[in-house]
Structures are given as C-alpha cells and as structure tokens.
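For reference, the structure is listed below as structure tokens.
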Amino acid sequence: MPNITILDQNTINKIAAGEVVERPASVVKELLENAIDAKATAVTVEIKEGGTTFIRITDNGCGIAREEVPLAFLRHSTSKIKSVEDLFTVSSLGFRGEALASIASVSQVELITKTSIGLTGTRYQIDGGEEKTLEEIGAPEGTTFIARNLFYNTPARKKFLKTPTTEGAHVAELVEKLALSHPEVSIRFIQNNQNKLHTSGNHNLKDIIYTVFGREIASNLLEISAKKPEISIQGYIGKPVIARGNRNYENYFINGRYIKSSVICRAIEEAYKPFMMQHKYPFTMLHFTIEPELLDINVHPTKMELRFRDGEMVYQMVYQAVASALAHKELIPEIELEK
Ligand code: ADP
Ligand code: MG
C-alpha cells in the first residue's frame, strides 16, 4: 500500500532534475510506468489526436487512498523512496515524485482511483495545476488517469508539438518499448478507437517480439540465458541474417527499464563482429536483472542512461553470452516452406 511523502531538500538536490513532460509520449511513459510500479497486471493506454487532446491510462494496480490523492500531485511527493539511501537500491521505475505534478500543471487531468481497502473510489480533477474536485465515486480497484489538451495553458510549448500523426507514432513506439520491457503485464494500446497492440502478459517475450516486429525477425532469433549471482541475462538476439543498417533494433532492459548503455552495446557488437558486414547492427532484445546496488540509475532525468559499478564485468558477461550463442547455433535462416 503506497504511503506518499514529500522528499526532503537534501534528497531533492541529489536527484538529477529536468523537465519530464515534453510531448504526449512523455506523459504516456510516466503514467504507464506508474501503473507498472503500482503492480498492475493489465493496463490500457488510449490516445486521440496523437495524445495531444486525450490520453487515458487505466490500470488494475494498487490505487491511491483518497487522503493521499492531492499529495500525489505535489512536486517531489513519492511513495517509492524516502531518503537518499534508497536512491541506490530503487527498484521501481519512478522515484522522483515529479511526473504527476508536471503533467497536471500543463493539462486538464481527471483521476479515478480505488484501493483494495477503500470502500469507494475517488474522483479528482485538476486543471493547469489548479484543483477542481475531490469527490467520492463508485470505481473498480485500480487507477484511471486522463490528461486532456496537453499544453493548453502554455502556448509556447504547444507550438513545439508536431502533427498528431507524428506524436501518435512516438506514443506507439513508447508503448511497444514498455510492452517489450514488461512481458508480465498485459498492455493494450488503442489509438483513435482502433486496437493497435495487445500483449497477453503471459511472460512470453517472443510473442511480443512477433507482435511488434513481425515474423521475419521472430523466426530468426537465438535465445540468450546467462546467470551469475548478482546479474542475469535473458532474451533473444537476431541471427546475422536479420542485421539492420542502424542501431534502432538494439534493445536492452535493466530491471524492467529501457536503457541505453555503451558498455552493453560495445560488448554485443564485438561478439557479432566475425558474423557481420560493416555498418550492420544486430537485433537484440535482452533483459538484465541486476542487483540495484550495482547500478546508478540517477544520472539522467529521463532515466535512459545508466552507469554500472563494474562495467568490465558486465562487458565480459554480455560478450561471452552473445559469442557462445552465435558460435553454437545454426546461423542459416529458417526457411518457411510454401504450402
Ligand atoms: P513517482 O512515480 O516518481 O513516485 P509520480 O509523480 O509519478 O512520482 O507519482 C506520485 C505518486 O503517486 C507515486 O509515488 C504513487 O504513490 C502514486 N501513483 C501515481 N500513479 C499511480 C497509479 N497508477 N497507481 C497507484 N499509485 C500511483
Ligand atoms: Mg512516476
């Protein structure tokens, strides 16, 4: 059960600060991560006009108690860490306590939420950071968060939004990344009333790869599974035959977080070198589970870059896992026989 408190100034100063809301995709990212942190097993993301006028995220997670709802919208209020020490062991996706405050300050927000012990739900409305209603309402367990008319009160920022088509494409890409990073959560994505993605939540990463990237990629994968006490790697890498001309297909997730890592990237590309033409990059979809103490995730506001305490150990482990998968498997593409 969450217990939301405001971080002290010392902790706030240690958290890399930055604007978290830049476009509809950043709103969806924060809300979807909150749903996952709330231990939801099913989440629906719905957008209209690329998310510029309407974003709705519904989850079946733990919900927020009525007396804590207004608190959740204050800056630096979070239930996920209490102090600086916790920063080094954080296992949730969020921890800065900034997202709801930032989203509510630049859109018209409606929240409906209910906890398992709450007898009734709560409906809360906040427009441009100004509280409108806090009332009792009948609601299922979980949280529905609606953000309407992003940047309606900040025309200068609204000008930087691209067309609904472009913004919608960014949202779709983001939802796909989160679906791939959390095969244990069933994620549904609806764009302009059309179903765009629906993952089962049955932990099967290969199914999601098939859904997102199609059959050619899904049928040319090698499984990776490596384990040490403090770090494990699970997932798939593509046979060299599905190599691509850019790095967009290199995906790594650490403790459920999509990240960029030059250490991992170098290790993988080095292992592929004997099998690859120049300027070709592999398809990789690797999940790392690492003791949080070995990581420093507090380096960038969007939480994408990540530092390892022992980069060399990670490099060696990744290199060996990938190199041995490539060495031991048949690298001829699987050919579908015509019926
Ligand atoms: P952070 O995720 O960094 O803690 P947020 O501003 O995103 O900060 O959220 C503030 C708090 O509101 C969270 O710590 C959590 O307790 C609560 N919260 C937000 N979204 C949800 C949700 N979908 N379900 C349950 N609790 C939520
Ligand atoms: Mg959050």
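The values are calculated or read from the model by the stated rules, or taken from the named source; none is laboratory data. Fair warning: this is a prediction, and the values are worked out from it, not measured in the lab. Here the Cβ positions follow ideal geometry from the backbone for every residue, glycine too, while neighbour counts run over all protein chains shown.
Of the residues examined, GLU141 is one that is among the acidic types (Asp, Glu), touching a strand residue (DSSP E or B) at 6+ places or on another chain (Cβ under 7 Å) and either more than 30 Å from PHE288 (Cα to Cα) or away from ligand 1 (no atom under 11 Å from the Cβ) (or both). Within region 32-69, being surrounded by fewer than 24 Cβ atoms within 10 Å (Cβ to Cβ), away from ligand 2 (no atom under 16 Å from the Cβ) and in a helix (DSSP H, G or I) holds for GLU49, ARG66, GLU67. Among the conditions (1) outside any loop (DSSP other than H, G, I, E, B); (2) in contact (Cβ under 8 Å) with a residue 12 or more places away in the chain; (3) surrounded by fewer than 21 Cβ atoms within 10 Å (Cβ to Cβ), ASP86 misses just one, which is (2).
Being within 12 Å of ligand 2 (Cβ to nearest atom) and out of contact with any helix residue (DSSP H, G or I) (no Cβ under 7 Å at 6 or more places or on another chain) is the filter; apply it to region 96-113 and report the residue that is modelled with the lowest pLDDT. My answer is ARG96.
Only residues that are within 12 Å of ligand 1 (Cβ to nearest atom) and more than 15 Å from GLU30 (Cα to Cα) were counted in region 80-94, giving 5. Of the helices (runs of 4 or more DSSP H) contained entirely in region 164-248, those carrying at least 2 residues that are among the β-branched types (Val, Ile, Thr) and more than 29 Å from VAL314 (Cβ to Cβ) fall at 164-181.
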